[in-house]
Every structure is written in structure tokens, then in C-alpha cells.
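To keep things clear, I will list the structure first and then write my remarks on it.
The values are calculated or read from the model by the stated rules, or taken from the named source; none is laboratory data. Model, not experiment: these values are computed from the prediction. Positions of Cβ are generated from backbone atoms using ideal geometry, with glycine treated the same way; all protein chains shown enter the neighbour counts. These area figures cover heavy atoms from the full protein model, side chains too; ligands, DNA and RNA do not enter into them. Shrake-Rupley method; radii C 1.70, N 1.55, O 1.52, S 1.80 Å.
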Amino acid sequence: MTRTTFWAARRPAMLVSAAVVAAACAGKVDTSWHSEQGGGYRWRSLTVSHRDHSGFTLLKSGATGITHANTVDDAHALANRNLLIGAGAATADVDGDGLPDVFLASVEQPAALYHNDGGMHFTDVTASSGIDARGLATMCAAFADVDGDGNVDLVVGTLGGPIKLWRGDGKGHFTDATAESGLTGGYAATAPDCARCSQISWTTPSSTRPRVRRSR
């Protein structure tokens, strides 16, 4: 028996064995939501595709309603490479309806806030939200309750401008509180509770060293 004939003869058995192994590994996944007591968040497992192993499905803007894009002019990018760093996104339930809403930063057009309508569809509510980022090259964002009132607030980093702070009222509306916040300029912001207490702290990188600010 030649080597080619040998493998041809064994191929059906190998395919059957592979199918049995795949079926054994493809057990039903529990995709129900699990709430963490005292954690203030919930989680769920993803149903991972065994074909591409990504677990995600591409949803086009026509279906989701999200048309915002961080586009950069080629000439501007050649003159300022910082514009190619990208722009961030943040998610939080800003109006208390139990669905995560989305804030999208952008360096060459105003940032946008999208309300989650359910069913993976979103509506641009920037104009009615009180968030006005016109004229700002927004680079990143983080939702956090900076004043401990139970409502999520929004911290936004900009390129060549201030770290912006908008306080949320829990109903989807925000008020600019940058002037009284004590925040300095910077292009990035994160919002971990690094003190392990009720205060929210965030980091604002500068040209010298990162600065940590803590809410009072």
C-alpha cells in the first residue's frame, strides 16, 4: 500500500473522529445574565462560533443607527501624526433604562452620544443630551460617577484642549462642569477607583508625567 493510498483509506475515520471531538466540545453555553452582588455590574458568556472562533457578528450602520465615524483628513494626518492615535468610546446606562448607551469620540468632528433603543438599535441624542464637543478634538472618554450621586458622569480627553467633565442627571442629560472640576488639559483619561474607596480617580498624561486626580 502506498502512502497516498494509506491516507486516503484513513481519511473517513479521521473525519468522523474530528466530528465527534467537535460535537463533544460544542456543549450548550449558558448565555443568561449573571449579576454580581455588591459589584454593580452583570456579565454573560458569549456563544462562540466554532467556524471563526470570534463570537461576534458584524452589524452595519444601517441596522444599528450608528453612523458616527472618526475620519481624519489625509493632509491633516501628515501634518500632525497625533491625529492617527485614534478616538475612544465609552459605554454606560446614562438614563437608567437598563441598556448601555454609547459615547463616541472623534478628532475632526464633534463627538456623539447614542441612546440604546434596544434590539441593537441606537439613536443619536447628542443635541438633547447637553454634551457639546464642537471644536474639540476628543481622543478618549470614560463614564464614572465622580460626585457619588449615583448617576454616571462623563470625562473626555482632548488633543490640545482641556479634560472635559460633564455631570449626568441620571435621565440622559449632562451639564458641563469642567470649570469647577479642577481638571487640567490632557489628551487621555481613565477612571479607575485606585484608592479602593468611594472616590473616583483618573489619570491625565502630560508631557512630563501622568497626573492622578481624585474626586472630593
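Can you tell me which residues in the stretch 69-128 are of a type in the set (Gly, Ala, Ser), in contact with a Phe, Trp or Tyr (Cβ under 7 Å, 6 or more places away or on another chain) and open to solvent by less than 40 Å² (accessible area, probe 1.4 Å)?
Ala90, Ala92, Ala111
Just one of (1) surrounded by fewer than 20 Cβ atoms within 10 Å (Cβ to Cβ); (2) at pLDDT 50 or above; (3) within 22 Å of the chain's Cα centre (by Cα); (4) closer than 30 Å to Val72 by Cβ trips up Thr158, so point out which.
(1)
Just for strands (runs of 3 or more DSSP E) wholly inside the stretch 68-141: which have at least 2 residues that are more than 19 Å from Ile163 (Cβ to Cβ)?
On the way: elements: 89-92, 101-104, 112-118, 121-124.
Because the criterion is at least 2 residues that are more than 19 Å from Ile163 (Cβ to Cβ), the strands (runs of 3 or more DSSP E) in the stretch 68-141 that meet it are 101-104, 112-118, 121-124.
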